[in-house]
Every structure is written in structure tokens, then in C-alpha cells.
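Q: What follows is a structure written as C-alpha cells; I'll ask about it next.
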Amino acid sequence: MQKIIPNLWFDGNAQEAAEYYLSIFSDGKIINTTYYPLTEAEGLADFQKNLAGEVLTVEFEILGMRFIGINAGPEFKFDEAVSFMIPCKDQAEIDYYWNTLTANGGEESVCGWLKDKYGLSWQVCPENWEELSKRPGAFKKMMGMKKLIIAEF
């Protein structure tokens, strides 16, 4: 079992987000879903009362890594301080993940970084990026790209 499982904070759309990630990463699956308790007596705070019976967490797996999406409200948002790297075998795989994750509200950044439509940051990189980064002028080239183009290294 994976020793550390990232918990991702969503504002009521963790189930939707998990299904979105499963549509992108073909090997994914839902592991478990939990729900907010149905009664106030079971410990719901005032701000949670309207969530009784709704999805609390969705545990899912993509590319062999488990995540838990939690429906916890609007208090916190994702930012670039944490990102998930997808090592890609070739340009076609880079293009697929880049185009899919930036579609429908995602945002391109620089040097292979992007945000998906939920604001989660990803790095879409060639699996041999360490080798490519050692080539003369590679760093400058990477910093000038949004989506990484292997042939330009």
C-alpha cells in the first residue's frame, strides 16, 4: 500500500473531479467513497448541515497512485506550491496530457507546468527530462516553452 496518500480539497465537486481524472488516465479507478453523516447528532458542524448524506471523500487511483478528494468547502484553493509530474514516453503522450488537462478551463504555464480546470497543478514532462536538461542551452529553451517540445531540446 502507498505510504503517503495526497488529500485534495474540493469545494463540493470531489466526485466530479475524480471522474474527470479517471476519464484522462485510462488505468484509473474509484477505490472508495464516504458520505457526510445523515444526522446532526453524528457531529456535523453548522456549515456542514446542508451536506448531510452528500459525498465526503472519494478515494481514487490514477497511474498507480492513490488520491483522496475531500468535499470540504471553499476555504482553500490549489496553487502551484504542489504539483504532480507526469513523465511521458514521447511527444504524443505529452500532447495528450497537455491538451486534455488544459481543456475546458485549464491554464498553461511555463516549462511544462499547467493547471487543470480544478486548479490542480501538473508538470507534463518527457520521462528523460533530466537528460534533456543537461544539453547546452536546454534550461533557457525550457523556460521559453509552455508545453515542452522534445524536438526543440
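The values are calculated or read from the model by the stated rules, or taken from the named source; none is laboratory data. Computed from a predicted model, the values in this text were never measured in an experiment. Cβ coordinates were reconstructed from backbone atoms using ideal geometry, including for glycine residues, and neighbour counts include every protein chain displayed.
Q: State all residues of region 121-144 that are surrounded by 11 or more Cβ atoms within 10 Å (Cβ to Cβ) and either in a helix (DSSP H, G or I) or among the hydrophobic types (A, V, I, L, M, F, W, C) (or both); if no residue qualifies, say none.
A: Those that are surrounded by 11 or more Cβ atoms within 10 Å (Cβ to Cβ) and either in a helix (DSSP H, G or I) or among the hydrophobic types (A, V, I, L, M, F, W, C) (or both): TRP122, VAL124, CYS125, TRP129, GLU131, LEU132, SER133, ALA138, PHE139, LYS141, MET142.
Q: Would you point out which residue out of ALA52, ALA45 is more than 22 Å from TRP113 (Cα to Cα), at pLDDT below 95 and surrounded by 13 or more Cβ atoms within 10 Å (Cβ to Cβ)?
A: Exactly one residue qualifies, and that residue is ALA52.
Table: residues versus (1) modelled with pLDDT under 95; (2) within 24 Å of ILE5 (Cα to Cα); (3) in the same structural domain as GLY53 (by TED's automatic domain parsing).
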{"position": "CYS88", "(1), (2), (3)": "no, yes, no"}
{"position": "ILE94", "(1), (2), (3)": "no, no, no"}
{"position": "LYS117", "(1), (2), (3)": "no, yes, no"}
{"position": "TRP122", "(1), (2), (3)": "no, yes, no"}
{"position": "TRP129", "(1), (2), (3)": "yes, no, no"}
{"position": "PHE139", "(1), (2), (3)": "yes, no, no"}
{"position": "MET143", "(1), (2), (3)": "yes, no, no"}
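Q: Follow-up question, since we're still on this one. Could you run through region 55-91 and say how many residues are surrounded by 14 or more Cβ atoms within 10 Å (Cβ to Cβ) and outside any strand (DSSP E or B)?
A: 3
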